[in-house]
C-alpha cells in the first residue's frame, strides 16, 4: 500500500491507549484508519473478551465516513452494513456502530467492556460520551483510535483532555496534520480548497489543522463581493432564464424584537444551482391574520414574477399554530403548494452548507428582489463571546432572514452537499 510519511509515522507510534489524528480536511487521517488501522485492530483482538465499537456523530456519518470507504477497499463480504441491532460485521467480527450526539444514544454500552473503539469526528461528540468510552476501555489490550478536525481553542476536548495529557499522565498519542501533509492531492485541488477557506476560521482549522476561535464575518467571501453572485441570465423577452427545479419559500416567524422573514429559492433538479428569487422582512406587531395575508401575497408575487408554482412553503417547524393557519390560507387561495414545517439541521451544518455553496458558485440571487437577504448574508457574524462556534444573535444582525434562507433549501441539504463534494473532487472553485 502507498501511504504518506505522516501516515507511516502514525503507524509507528500508535501504540498508546488512545491514538488521535487531528487536523485538516482531506489530509489522509480517516483514509489510513479505513485502510489499515481499524482492520488491524479488530483482527488483533479477534476472540478476546470485550466489544468492538465504532462511534460517530450518527449511524449515517459512520456509514458515510467509515464503512462505505472500507467497503470500497475490502468489499461488502468483509465490511457489512449496520443492522437493526446497530451491529455491522467487519472481518467476521461483530462491531457495534453508535452515534455520539447525546449520552442517551450510547448509554446502552455503559458498564460494558470495550476491547477496541474507533471514533469518527470526535470534536462533534458530547463530552460525557467520550468520558464514558474511556471508562469502558478496561482491558490490558483495550485501545481507541480516532480522527477529528480541530474546532475552537476552548473546545472541551482540547481544554479538558489534550491540554492536560502531561498533567494527568494520560496515555494519549496525538498527531497533527495540515492539508500539505497529503502528497497525493493535486496541486490544483489544494489551491482551490485554500481559496475556499481563505480569510475565515476554517482556513486555520481545515487547511492548517489548528484549534482556532471563530470570529468576524461568517460569509466573508460573499460580503467582499456580493455582486459576483447576482444571477444575470435572461431570455430574449427579458425574463430571467432560470434552471428547472424546485421553488421553495422558507419562513421564519420572529418575536417582538425580530421580524417575519420570507425567502423564496429555486433549487435546480441537478442541485448545481440554488438561486434566491426574492426576500422580504416585516417588522412590528403583526397578528396571525395579517401574517397569513403577507405570506400569501409574497407567494403570489413570486409565482407571477417567475411564472411558476411554489412547490413548498416551509415555515419554522416549532410554530405549529402558525403553520396550521398558513395551510388554511394556502387552501383558501387555491395555491398548488405543500406546507410543511421546515427541516432544521444543526445551525453550524447549515452555515457550512451556505458557505460552501457560495465558495463553489452554487448560490446566486436576483438583485432587485433580494435586498434583505443580501444584507443579512453580508453582515452575519460569529459571536466572539461564546466558547463554541455560535452565530451572533443579539438583534444587531438579521438572523431571521438567514434562518428563512436556510429553511428554503435545507430540505435538500444532503443533495446540495453531495454536489459540493463533486465540485471539490473535480477541482472546480
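Report the Rg/Rh value for the stretch 303-429, based on alpha-carbon coordinates and the Kirkwood definition of Rh. Spell out each step's value before the answer.
Values: Rg = 16.4 Å, Rh = 16.5 Å.
Ratio value, two decimals: 0.99.
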Point-to-point label distance, residue 384-residue 237, nm (Cα→Cβ direction, 7 Å offset): 5.2 nm
Mean ellipticity per residue at 222 nm, deg cm²/dmol - from DSSP H runs of n ≥ 4 across the chain, formula -39500 (n - 2.57): -10000 deg cm²/dmol
Relative counts (whole %) of C-alpha pair distances in the stretch 5-206, using bins that are 10 Å wide: 8, 35, 38, 16, 3, 0
Label zone at residue 112, where the point sits 7 Å out along the Cα-to-Cβ direction: the stretch 51-73 residues whose backbone N lies under 14 Å: 51-56
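Take peptides 369-381, 342-354 and line them up by average Cβ neighbours within 10 Å, highest first, as a rough protection proxy.
Working: 369-381: 20.8, 342-354: 17.8.
Most protected by this proxy first, the peptides run 369-381, 342-354.
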Three-way shape call for the stretch 239-396 based on the alpha-carbon gyration tensor, with the a/c threshold at 1.5: oblate
Near-label residues of the stretch 315-352 by backbone N, under 19 Å of a point 7 Å along Cα→Cβ of residue 300: 325-339
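Per 0.36 nm of contour for each residue apart, how much would the distance between residue 9 and residue 414 grow if the chain were fully extended, relative to their Cα-Cα spacing? Each step should come with its number before you reach the end.
On the way: separation 405, 0.36 × 405 = 145.80 nm, distance 3.49 nm.
Contour length minus the Cα-Cα distance gives 142.3 nm.
Fewest Cβ neighbours within 10 Å first, please rank 89, 21 accordingly. Walk me through the numbers on the way to the answer.
Numbers: 89 16, 21 26.
Fewest-to-most ranking of 89, 21: 89, 21.
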Whole-angstrom gap from the stretch 214-244 to the stretch 261-314, using each part's C-alpha centre: 17 Å
Max mean-square fluctuation residue, GNM over the chain, Cα-Cα springs under 10 Å, options 304, 312, 364: 304
Answer label for Rg/Rh (Cα atoms, Kirkwood Rh) (calculated), chosen among (1) 1.16; (2) 0.96; (3) 1.01: (3)
Top of 403, 94, 145 by mean-square fluctuation, Gaussian network on the chain, Cα under 10 Å: 94
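The numbers here are math on the coordinates, done by the rules we state, and not lab data. Since we're looking at a predicted model, the values are computed, not measured. Note: ideal-geometry Cβ built from the backbone for every residue, glycine included; neighbour counts use all protein chains shown.
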